[in-house]
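Visitor: This structure is in structure tokens; I'll ask about it shortly.
The values are calculated or read from the model by the stated rules, or taken from the named source; none is laboratory data. Everything numeric in this text was worked out from a predicted model, so none of it was measured. Cβ atoms come from the backbone with ideal geometry, glycine included; neighbour counts cover every protein chain shown. Accessible surface areas use protein heavy atoms only, side chains included; no ligands, DNA or RNA. Shrake-Rupley method; radii C 1.70, N 1.55, O 1.52, S 1.80 Å.
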Amino acid sequence: MAEAPLLDIEEEVRSLQLDSADCASEINGLINPEDARPEEVEKVDEMEKDSDDKVTVSSQEVQAELPKVKDKEVPAPEDVEAVVEMEQYNKKRHLNVVFIGHVDAGKSTTGGQILFLSGQVDDRTIQKYEKEAKDKSRESWYMAYIMDTNEEERVKGKTVEVGRAHFETETTRFTILDAPGHKSYVPNMISGASQADIGVLVISARKGEFETGYERGGQTREHVQLAKTLGVSKLLVVVNKMDEPTVNWSKERYDEIESKMIPFLKASGYNVKKDVQFLPISGLMGTNMKTRLDEAVCPWWNGPCLFEALDSIEVPPRDPNGPLRMPIIDKFKDMGTVVMGKVESGSVMEGDTLLVMPNKTQVKVLSVFCDENKVRRAGPGENVRVKLSGIDDEDILSGFVLSSVARPIFAVTEFDAQLQILELLDNAIFTAGYKAVLHIHSVVEECEIVQLLQQIDPKTRKPMKKKVLFVKNGAIVLCRVQVNNLICVEKFSDFPQLGRFTLRTEGKTVAVGKVTELPSGSNF
């Protein structure tokens, strides 16, 4: 009797196995030819034939649609995703905006307000900053804390380093570079402006503050001159603090500032009609920034708000297929050597073999990051972090340049340049033997003027015949500049961003210039 249940169990197991085998064959779409009726077999054959035809047709269609690619490896699915993501990312144009102006004009506050209005900072963070500012008895500084992140900057209320942040509008991705306004930190401001495409010049409308910034020795003037020299071709002049009780959105005050700034901007080389736009804002309150001014607040202004003005700025296109030029502004160690900088020309891509100049060290690109996103490729104008193999971070200095192997950047110790003398120190004359500090892209190097070649007539822009021994303020002169170490530069006519420079002495900008000639054979 005891055996019967066992047999039953064995039979059940066998039947279950058979069931599962049937299921499996059905799932796999297989029909046992012996079990199938002849008509079904024919149907199946026809279906297979049809599907084969369809597959060949569709694959031909796909091949016709796809552009022919020269023997390239088929990217893995993850790579495809990365490329698609990058294409989405690249649909919006990218612009670098530097905020410049006199100390306390409200640059960091305006930058902070932009990030808040574009949703980059949440309410809780703002409340935290408000409390922190209140504890320091500086209630109106809380917006600046978004951009001024280190303790020294918060205690003094002065930006020291160049703050960096990102925000987006409908059509454009922006990188904000918040430059310091204090004269002690002008070299930092130069490094910020040298990465920028457009500038936002922040001016305080408060009585006395505009005048201090604008008068001789004020940073408004120096920043404008530097911005023009460093290649900031478009300028938005925002008249800030319009909500201040002494100003109260006064049209007279706004017009007064505009009328004083226009002649100076013209003198600095800006085409005011084409390249400069004025608009009133309140950085602290966020008025006329994301949305247009309410007529009840300011009846006389019917122009755009700050976001609209930034969106509408046109900048010249850059060549993504040119030779790669990426000046290195910083480096650090992170499971390998990582360099930071802005791609000025060409594109950088994962797997590229490049040169770090002037060392001539061959390196391989392991990965590329734009903002915080890992990307396969980054084009001109992008601020990137690039992880490299083949070089130690100790062998890289700020001012080195990542460049293509086929056309490396020039490495020189002397070059010819056209200089415009702005303002020499008291009683100084500009002659052979004059020493200064040279700022060119991210290079900061001591230099000496070894020879004055020709003086240029400012009116005709043609060289003068007489031999030149020295020049004074306002002169334009061709001269030979010498540095102690090899530096990477290009002729201004080939790569403007890598061929324009400033000369500074004892904390003052004394001259601006552009590289006109390089010694032959300096390429390699």
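Visitor: Using the structure shown, decide if residue 440 is assigned by the TED database to the domain that holds residue 420 and under 26 Å from residue 341 (Cα atoms).
Guide: Spelling it out, residue 440 is indeed assigned by the TED database to the domain that holds residue 420 and under 26 Å from residue 341 (Cα atoms).
Visitor: While we're here: When you scan region 298-310, do you find a residue that is buried (at least 19 other Cβ atoms within 10 Å of the Cβ), under 23 Å from residue 498 (Cβ atoms) and not basic (Lys, Arg), even just one?
Guide: The answer is no, given that none of the residues of region 298-310 is buried (at least 19 other Cβ atoms within 10 Å of the Cβ), under 23 Å from residue 498 (Cβ atoms) and not basic (Lys, Arg).
Visitor: Okay, next question. List every residue pair whose Cβ atoms lie under 6 Å apart, where the two residues are 6 or more positions apart in sequence or sit on different chains, the first residue falls within region 118-129 and is in the same structural domain as residue 291 (by the TED database), and the second residue, located anywhere, is surrounded by 10 or more Cβ atoms within 10 Å (Cβ to Cβ).
Guide: Here the result reads 118/167; 120/167; 121/115; 121/146; 129/142; 129/145, each pair linking region 118-129 to a residue that is surrounded by 10 or more Cβ atoms within 10 Å (Cβ to Cβ).
Visitor: Check region 355-363 and report whether any residue there is more than 22 Å from residue 498 (Cα to Cα) and either open to solvent by less than 30 Å² (accessible area, probe 1.4 Å) or among the basic types (Lys, Arg) (or both).
Guide: no
Rundown of residues vs (1) more than 23 Å from residue 225 (Cα to Cα); (2) open to solvent by 60 Å² or more (accessible area, probe 1.4 Å); (3) of a type outside the set (S, T, N, Q), yes/no style:
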{"residue": "398", "(1), (2), (3)": "yes, yes, no"}
{"residue": "403", "(1), (2), (3)": "yes, no, no"}
{"residue": "411", "(1), (2), (3)": "yes, no, yes"}
{"residue": "434", "(1), (2), (3)": "no, no, yes"}
{"residue": "454", "(1), (2), (3)": "yes, yes, no"}
{"residue": "468", "(1), (2), (3)": "yes, no, yes"}
{"residue": "493", "(1), (2), (3)": "no, yes, no"}
{"residue": "496", "(1), (2), (3)": "no, no, yes"}
{"residue": "506", "(1), (2), (3)": "no, yes, yes"}
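Visitor: Follow-up question, since we're still on this one. Any idea which of 415, 369 is of a type outside the set (Lys, Arg), outside any loop (DSSP other than H, G, I, E, B) and open to solvent by 30 Å² or more (accessible area, probe 1.4 Å)?
Guide: 369
Visitor: When you go through 278, 210, 264 one by one, which is the residue that is open to solvent by less than 70 Å² (accessible area, probe 1.4 Å), modelled with pLDDT of 90 or more and among the hydrophobic types (A, V, I, L, M, F, W, C)?
Guide: 278
Visitor: Which residue is nearest to residue 167 (Cα to Cα), if the candidates are limited to region 347-380 and must be aliphatic (A, V, I, L, M) and free of Cβ contacts under 8 Å to residues at least 24 places away in the same chain?
Guide: 368
Visitor: For residue 482, state whether it is closer than 21 Å to residue 398 by Cα, assigned to a helix (DSSP H, G or I) and touching a residue at least 40 places away in the same chain (Cβ under 8 Å).
Guide: Spelling it out, it is not the case that residue 482 is closer than 21 Å to residue 398 by Cα, assigned to a helix (DSSP H, G or I) and touching a residue at least 40 places away in the same chain (Cβ under 8 Å).
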